[in-house]
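The values are calculated or read from the model by the stated rules, or taken from the named source; none is laboratory data. Worth saying up front: this structure is predicted, and the values here are computed from it rather than measured. Note: ideal-geometry Cβ built from the backbone for every residue, glycine included; neighbour counts use all protein chains shown.
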Amino acid sequence: MTLTGANAMIAPMSKYPFREIEQKWQAYWEKNQSFAVTEDEKFPKEKRVYVLDMFPYPSGSGLHVGHPEGYTATDIYCRYLRMNGYNVLHPMGFDSFGLPAENYAIQTGTHPKITTERNIANFRRQIKSLGFSYDWSRELSTHTSDYYRWTQWIFIQLFNKGLAYESNTPINWCDNCKTGLANEEVKEGRCERCGTAVVRRNIRQWVLKITEYADRLLEDLDSLEWPESVKLMQKNWIGRSEGASVLFHIDGLDESLEVFTTRADTLFGATYMVVSPEHPLVGQLTTAENKERVEAYLDEVAHKSDLERTDLAKDKTGVFSGSYAINPVNGERIPIWIADYVLISYGTGAIMAVPAHDERDWEFAKKFGLPIIEVLKSEIDVQTAAWTEDGVHVNSGFLDGLGKDEANEKMIAWLEERNLGKTAINYKLRDWIFSRQRYWGEPIPLVHCPTCGTVALNESDLPLLLPEVTSYEPSGTGESPLAKIDSWVNTTCPVCGGPAKRETNTMPQWAGSCWYYLRYIDPHNTQEFVSREKERYWMPVDLYVGGAEHAVLHLLYARFWHKVLHDLGLVSTSEPFTRLVNQGMITSYAFQRTDKSLVPTDLVDEKEDGTFVERETGDTLERVIAKMSKSLKNVINPDEIIEEYGADSMRMYEMFMGPLEVSKPWSTAGLVGVYRFLDRVWRLYTERTINDREVSPELLKTVHKTIKKVSVDTGNLDFNTAIAQMMILVNDLYKEEDLNRQVGETLVLLLAPYVPHLAEELWQQLGHTSSLTTATWPTWDEALTVDSTATLVFQVNGKVRSKVEAPMGLPKDEALALAKADEKVQKWIEGKTVVREIVVTDKLVNIVVK
RNA sequence: GCCGAAAUGGUGGAAUAGGUAGACACAAGGGACUUAAAAUCCCUUGCUCGCAAGGGCGUGCGGGUUCAAUUCCCGCUUUCGGCACCA
């Protein structure tokens, strides 16, 4: 019983010697430095292209089949561009600081550098085994001091520009492990390692002022050729909203509460206010008789995990502070409540509540018996539900009868006149918390001096090396392991020379990936992070391919750094990545019981009729598509695929599966189909006579159509349809007795970007002594791609009744006559009245009858 | 809940300035070769009624626009991805 549906291996049975071929040509490319590029001035600007892959984190589990998908796509594109006369920069490297290596170090005591470099070696071997045309002389890893020296240097530029500041901000804290946790270490509100509920704890952090760039990060999105969905995600993440800030005086206190609202026009309906539990005025607002209850509430909130606090389904909670604010439009005294549905991180941390027209405010008002006043004419009773649609203003004094925009404008003008409010803009985007209390990251190159304050290291003192430590455990105080090394922490101030202490925080993993694309341009420069001239030669990145999981954070952070560098005059472009393509995820098949639980693939049998059963119980299972995961035993290992079928099959199959951008399930059976195709190609050249006998006009047409389709599709990254067309050509060639040399050469050239090893080998067997890497892409003759006849479809009332082959460009009246003369058509129009006749040249004739 | 993407044969997918639905491949079936099997080559293959000729149905579901809808419009359903009370 085979398990084809579960991706069992199917041993190939043929002679196509992919192992020897692939080893031979990989060695050839390496020896000849075939893909090393220089800033050659003979290429004009428009013939220089920078094609970038998102570099991988070298994890211990090795390359996933998802990695080669994007890498193959860019590789094909690069090889295609080179054959079309472009100078192509195509580098690869490793994003090698990061949590898994550190956690492994904590468990085993192995230095993260050792595991990381071992993993890099494995990744490099795996990537090279696929024959990608990277310029390996430019390889970089973010954890090396040659690299992070410049990451630190860029940080100093940000610091000197006033874009870095210290702030106490909450982090995820595990009381048991005595350590801060990254978001990805928090699973369902609990510590991933020990299961303890995660609490929030304030800690001193370095923060970068990305919000200062919010508007530009938003506006410049319009200039980018990125997927609309990614642009939209970034837009929503930045979350610009226009509204007004309004001041509410607090009754009996010499203080005001400022709120941000997008609907100042509903101010007459504001019946209470809410401040976030972390709001700085909470203490002052709380009156003596409410003190106990407020404190109990604050305590309760502090002990809630983020999960509990942000659970949308939960009941609203809150407590009355005892204080009242004055609604500026009508002088009403309205109660001030404290509730955790108001976030300190957005707006001012305080809101005016308009329960009649806001879901959340309505729920809260109902629960605590607060008044609900309709101010927008509603189609429902606002006492029974919130009315969140538009309506003309009622109960709103000078706004009555007005629509939303007009009322809003009038209200803001009214507030401005009295100094009670003004237009305001708010962003969801928050400043970027940039420090981590970790070992395996770039040390932040700052020193805390008792006399000079916090100062940056001199640039000549970079790199600030990551010191050796004896233990990778966090310090237990929330500080990084670096804080435990007195000899490292105690230093001298770079300004006054007096005793000072080093910053012990390290940078987040994002730091290295924020600028790596610039370092590839000039990776061995010891004087600058990148030379001006080289930067101008290559930037911006023309095509950037990677997973959609980086749609927001990495791409937003990198854009932010790039804009800062641009403002400092250090890079020439205002955006780093002109065109972005997200490759889809490669999923796998999984097997589902009727209760929707999944069964690991190795416990499934496929029956003769193609259905699947659970081996132990014999129950029928449904085949579904799921992410590859270790627990489901449906992970495909690229090494095994390359061993069994070769790198060329792997490359071409991943491109043939479907469009690059969509997610698609891996099927080893499908891979075998591509393997068979390559084997057919091989035998075409090795088992047939190659001669110069003239080819038939039909075959010549297929050849030119193929050149055209493969050229256009490859340029558009539509690889699946390009491959299909090459298969059509090969099928046609199999109908011939021998192989025309020129046609054979053309096919090899078209195959070259897709299956470079096989193509090089065939090219050599055809007698060429130079590598395909310098060959010229074939051109097509448009005249030879045009068909002489077209299939005319005859429809009666929109239904296809007959088809004929007719000469191209047949005049409409002749086409119509042809249709009317058609026997089958006549049968359908016989005895009926023709009411309309539609002729589409070379396509169809539609006769409408009654 | 909100935002986004998608839904086409047994399977992956092709085709949209509206004009032959199912290219190419997998799987399945048949044939050739073979002592036999594998490999290879050739053929068939959306469903359905029919001996056939031929007909009917068919691109998630329900409507609409049109001579003509996978494609455009309105309303749903489901799946996947992202975000989490954003005032």
**OP:** State all residues of segment A:661-704 that are within 12 Å of RNA strand B (Cβ to nearest atom), of a type in the set (Val, Ile, Thr) and within 24 Å of A:Pro17 (Cα to Cα); if no residue qualifies, say none.
**Re:** A:Thr668, A:Val672, A:Val674, A:Val681
Subject >> Within segment A:122-168, tally of residues that are crowded, with 18+ Cβ neighbours inside 10 Å and in a strand (DSSP E or B) >> reply: 2
Original post:
If you check every pair at least six apart or on different chains, which have Cβ atoms under 6 Å apart with a residue in segment A:508-520 that is of a type in the set (S, T, N, Q) first and a residue that is surrounded by fewer than 24 Cβ atoms within 10 Å (Cβ to Cβ) and part of a helix (DSSP H, G or I) second?
Top reply: A:Ser513/A:His554
Original post:
Taking A:Leu370, is it in contact (Cβ under 8 Å) with a residue 24 or more places away in the chain and out of contact with any Phe, Trp or Tyr (no Cβ under 6 Å at 6 or more places or on another chain)?
Top reply: no
**OP:** Give me the pairs, please: first residue somewhere in segment A:169-195 and at pLDDT 70 or above, second residue anywhere and assigned to a loop (DSSP other than H, G, I, E, B) and hydroxyl-bearing (Ser, Thr, Tyr), beta-carbon distance under 7 Å, and either six or more positions apart or on two chains.
**Re:** A:Cys174/A:Thr196; A:Asp175/A:Thr196; A:Asn176/A:Thr196; A:Arg190/A:Thr196
Subject >> Evaluation of A:Lys850 against (1) among the basic types (Lys, Arg); (2) modelled with pLDDT under 85; (3) surrounded by 12 or more Cβ atoms within 10 Å (Cβ to Cβ) (one fails), failing number >> reply: (3)
Original post:
Do we have A:Glu643 as in a helix (DSSP H, G or I), in contact with a strand residue (DSSP E or B) (Cβ under 9 Å, 6 or more places away or on another chain) and either within 27 Å of A:Asp732 (Cα to Cα) or modelled with pLDDT of 90 or more (or both) here?
Top reply: no
Original post:
Restricting attention to segment A:522-560, and to residues there that are assigned to a loop (DSSP other than H, G, I, E, B) and of a type in the set (Gly, Ala, Ser), which single residue is surrounded by the most Cβ atoms within 10 Å (Cβ to Cβ)?
Top reply: A:Ala551
Original post:
Residues A:Glu830, A:Glu782, A:Glu805, A:Glu837: which one is out of contact with any Pro (no Cβ under 6 Å at 6 or more places or on another chain) and more than 14 Å from RNA strand B (Cβ to nearest atom)?
Top reply: A:Glu782
Original post:
Name the helices (runs of 4 or more DSSP H) wholly within segment A:697-803 that hold at least 2 residues that are without any contact (Cβ under 8 Å) to a residue 24 or more places away in the chain?
Top reply: A:697-715, A:719-733, A:756-765
Original post:
What is the one condition in (1) more than 16 Å from RNA strand B (Cβ to nearest atom); (2) touching a residue at least 40 places away in the same chain (Cβ under 8 Å); (3) more than 30 Å from A:Ala264 (Cα to Cα) that A:Gly453 does not satisfy?
Top reply: (2)
Original post:
Within segment A:824-834, is there a residue that is in contact (Cβ under 8 Å) with a residue 12 or more places away in the chain, outside any helix (DSSP H, G or I) and under 30 Å from A:Glu30 (Cα atoms)?
Top reply: no
Original post:
What number goes with the only condition from (1) assigned to a loop (DSSP other than H, G, I, E, B); (2) more than 14 Å from RNA strand B (Cβ to nearest atom); (3) more than 30 Å from A:Arg532 (Cβ to Cβ) that A:Glu575 does not pass?
Top reply: (3)
**OP:** Out of the residues in segment A:340-399 that are among the small types (Gly, Ala, Ser) and not in a loop (DSSP other than H, G, I, E, B), state the one that is farthest from RNA strand B (Cβ to nearest atom).
**Re:** A:Gly397
Original post:
List, please: which pairs have Cβ atoms under 9 Å, are six or more places apart or on different chains, and start with a residue in segment A:59-70 that is exposed (fewer than 15 other Cβ atoms within 10 Å of the Cβ) and end with one that is of a type in the set (Lys, Arg)?
Top reply: A:Gly60/A:Arg118; A:Ser61/A:Lys630
Subject >> Residue within segment A:668-687 that is in a loop (DSSP other than H, G, I, E, B) and modelled with pLDDT under 90 present >> reply: yes
Subject >> Condition check for A:Thr169: touching a strand residue (DSSP E or B) at 6+ places or on another chain (Cβ under 6 Å) and not aromatic (Phe, Trp, Tyr) >> reply: yes
Subject >> Filter pass, A:Ser588 being within 23 Å of the chain's Cα centre (by Cα), part of a loop (DSSP other than H, G, I, E, B) and either in contact (Cβ under 8 Å) with a residue 24 or more places away in the chain or at positive phi (or both) >> reply: no
Original post:
What about A:Tyr517, is it crowded, with 20+ Cβ neighbours inside 10 Å, over 19 Å from the mean Cα position of the chain (by Cα) and in a helix (DSSP H, G or I)?
Top reply: no
Original post:
Going through segment A:421-448 one residue at a time, which ones are at pLDDT 95 or above and over 34 Å from the mean Cα position of the chain (by Cα)?
Top reply: A:Val447, A:His448
Original post:
Do we find that A:Gly618 is modelled with pLDDT under 80 and either among the small types (Gly, Ala, Ser) or surrounded by fewer than 20 Cβ atoms within 10 Å (Cβ to Cβ) (or both) in this structure?
Top reply: yes
